[in-house]
Amino acid sequence: IFLGYLVGISSVNVPHWDEWDFVLPLFQKIEAGNPINFHLLWPESGEHVIVVPQVLILIIGEITNLNFSALHWSNLFFVGLAFLLMVSAVNQEVGFSTVAKLFVILVISIIQFSLEPVGVYLWGMSLYIYITLFLCALCALILSRTSMTFWGMATILLVNFMALLTSINGLALVAISIVISVLKGRETKQPLWWIVGSVSLAQLLAMIVLLS
């Protein structure tokens, strides 16, 4: 709540840092008549591939008439959503006692809602960080299950794909999901776990080849 208060009193509807280089040019190109395609949404952003954040920024910008404060609140929204998913994942772990679960949830809350990087919430391009965090939490929630369903498999593969198009950290997320899927496959003998691991590996290798 206090973090939301800080964002509320500090947020201004003005571009910050490389929003001048990425967000404003995106809308200027669209207004100039450029078609919305993959090339437009794949700007060079250092080591990051930020297609998913670009799409979300485009949607938020169209809805709010490019209000940068709306991007700041979106950062906070994805952090809160990630926290709720992580709490659900912790509660699914049957091997943890109630005290252990509460301790883990407390640690997660301290890490996720740290007041130290408040300025990061006031940077619209931080969406690539917080979307990745949300995708990690969603991945953890699904991978914490003892059994894998078809829809769970489809969701994990979609999450992996989105993570790879969100930030460089998506590579680590997919690698972790591969390891967990293989371990779960060996433990449960369910073929779907092996399918998740195999397709995730193909996604990871394809992105590495694309980036190289």
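Tabulated data for the structure shown
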{"read-out": "Cα long-axis angle, helix 169-188 against the chain (0 to 90 degrees, to the nearest 10)", "value": "20 degrees"}
{"read-out": "Equivalent ellipsoid semi-axes, the stretch 1-95, via Cα gyration tensor eigenvalues times 5, rooted, Å", "value": "29, 19, 11"}
{"read-out": "Helix 19-31 vs. the chain, principal-axis angle (Cα, 0 to 90°, nearest 10)", "value": "70 degrees"}
{"read-out": "Reciprocal mean inverse distance between Cα atoms of the stretch 1-55 - Kirkwood radius, Å", "value": "13.2 Å"}
{"read-out": "Accessible surface of the chain [probe 1.4 Å, protein heavy atoms]: carbon and sulfur percent", "value": "70 percent"}
{"read-out": "Where the chain is the region considered: accessible area per residue in Å², 1.4 Å probe", "value": "53 Å²"}
{"read-out": "Calculated FRET value between PHE96 and ILE30, using beta carbons and R₀ = 35 Å, to 0.05", "value": "0.15"}
{"read-out": "Rg and Dmax of the stretch 140-188, Cα atoms only, in Å", "value": "10.8, 32"}
{"read-out": "For the chain, calculated [θ]222 nm from helices alone, where every DSSP H run of n ≥ 4 adds -39500 (n - 2.57)", "value": "-24000 deg cm²/dmol"}
{"read-out": "Between 0 and 90°, nearest 10: helix 98-112 axis offset from the chain longest Cα axis", "value": "20 degrees"}
{"read-out": "Cut-off under 5 Å, modelled amide H: who pairs with VAL49 long-range", "value": "SER167, ILE168"}
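The values are calculated or read from the model by the stated rules, or taken from the named source; none is laboratory data. Not measured: the values here are computed from a predicted model. Reconstructed Cβ throughout: ideal geometry from the backbone, glycine too, with neighbour counts over all protein chains shown. Just the protein is used for accessible areas: all its heavy atoms, side chains included, with ligands, DNA and RNA removed. Shrake-Rupley method; radii C 1.70, N 1.55, O 1.52, S 1.80 Å.
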